[in-house]
Amino acid sequence: MAERKPTNGRTLASVALVVLLLAGVLGFGAHWYRELRNHERTDDAFIEASLALISSRVSGTVIEVLVDENQQVKAGDVLVRLDPTDFDVSVARARANLEEARNQLAAAAADAEAAEAEKRAAVIELERSKNEAKRREGLKKSGATSDQLVENAVAARDAAEARVRALEQRALAARAVLINEAPLRQAEAALREAELALSYTTLVAPNDGIVGRKTVHVGENVAVGRPLLALARDEAAWVVANFKETQIGRMQVGDHADVEIDAYPGHSCDGHVESLSPATGAKYALIPPDNATGNFTKVVQRVPVRVALDDCDQGDGNGHGNGHGDGALDPKRLPMGLSALVSIRVGDR
């Protein structure tokens, strides 16, 4: 019987090393499989922020522009002034009309008081005329007065009655003017409208922000609604990531997101899914495609996903900063429209 040769120690060590390497590769592969399976990525993503186009609410000539492009402004800061001359005239006219309406009401009140006073005097005169006519008619029966005097007394009584009725109608008309305050309210509204139009000649910043594209210059005659400049709100930007429809099945609000911005290599931002669009991007197009017509070709649709930026790091330490010399990346200072790479960690449901 042949003698068994002893196992070579170097061979055993090589086998053990290979086994360890295979285990490491399998573990590493399993880890990355789980990571890739639980992450959805897209480079169809862009920085967005609130951008207001400032336009005039009245037509007029620009007499002053107080801001420049890329200037930081505070809420209430004056941006542009229009010539207020025509609007000052309108305010003065409206104030005069309001005073006239008030004077008409005061005159109606005075007329009503005068009519009431004259009516009281006319009622007294009517009572006297009635008594006189009654007395004359009694004297006529006894032959102590003439028919002419009786007729005069009756005529005076009738005239007094007519005067009382006329004064009653005059008082009613004056009180009707007092009750109807529509002309006064119209004059007040016209004055308010003129004052508002005057205030619109001064364009102020609605919020803190940075002035963007400025297209207005002194001497221009601007029309209502024409954009004069853009104002980016001073707030954290967000990312709109357009994921394929096959990527959003497990995505939900609150999922963690990693954002890398092309303009700032070496930086990364943490965020979270803030909302998912209720429709694909195609549905928001000016002319949405109608798949029920013509030959159909299936195209994978994309769904806009809004990602809020929670925090950004300080860079990789290799000089990759944001251009401000401090290496920090401020979500409030990210220019809109920058491209980004977004990776969202999705969980199993």
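The values are calculated or read from the model by the stated rules, or taken from the named source; none is laboratory data. Note that the structure is predicted; figures quoted are calculated from it, not measured. Please note: Cβ atoms are built from the backbone with ideal geometry, for glycine as well, and neighbour counts cover all protein chains shown.
Things worth noting here:
- Of the numbered criteria (1) part of a loop (DSSP other than H, G, I, E, B); (2) at pLDDT below 90, the one A263 fails is (2).
- Taking the stretch 266-294 as the range and being modelled with pLDDT of 90 or more, of a type in the set (A, V, I, L, M, F, W, C) and not in a strand (DSSP E or B) as the test, only A279 passes.
- Some residue of the stretch 140-158 being in a helix (DSSP H, G or I), of a type in the set (S, T, Y), modelled with pLDDT under 70 and farther than 30 Å from A223 by Cα: no
- Yes/no for V303 being at pLDDT 90 or above, in a loop (DSSP other than H, G, I, E, B) and among the hydrophobic types (A, V, I, L, M, F, W, C): no
- Among residues of the stretch 223-253, those that are in contact with a strand residue (DSSP E or B) (Cβ under 8 Å, 6 or more places away or on another chain) and within 19 Å of I47 (Cα to Cα), counted: 15
- Test result for V253, in a loop (DSSP other than H, G, I, E, B), touching an Asp or Glu at 6+ places or on another chain (Cβ under 8 Å), surrounded by fewer than 13 Cβ atoms within 10 Å (Cβ to Cβ) and touching a residue at least 24 places away in the same chain (Cβ under 8 Å): no
- Yes/no for V73 being without any contact (Cβ under 8 Å) to a residue 12 or more places away in the chain, out of contact with any Lys or Arg (no Cβ under 7 Å at 6 or more places or on another chain) and over 15 Å from L228 (Cα atoms): no
Here's the yes/no breakdown for (1) within 21 Å of G337 (Cβ to Cβ); (2) in contact with a helix residue (DSSP H, G or I) (Cβ under 7 Å, 6 or more places away or on another chain); (3) surrounded by 13 or more Cβ atoms within 10 Å (Cβ to Cβ); (4) free of Cβ contacts under 8 Å to residues at least 60 places away in the same chain:
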position: A205; (1), (2), (3), (4): no, no, yes, no
position: K214; (1), (2), (3), (4): yes, no, yes, no
position: P227; (1), (2), (3), (4): yes, no, yes, no
position: A257; (1), (2), (3), (4): yes, no, yes, no
position: Y264; (1), (2), (3), (4): yes, no, yes, no
position: D270; (1), (2), (3), (4): no, no, yes, yes
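- Flag for D83 being among the acidic types (D, E), touching a Ser or Thr at 6+ places or on another chain (Cβ under 9 Å) and touching a residue at least 60 places away in the same chain (Cβ under 8 Å): yes
- Subset of the stretch 61-104 [within 23 Å of A171 (Cβ to Cβ) and buried (at least 16 other Cβ atoms within 10 Å of the Cβ)]: A101
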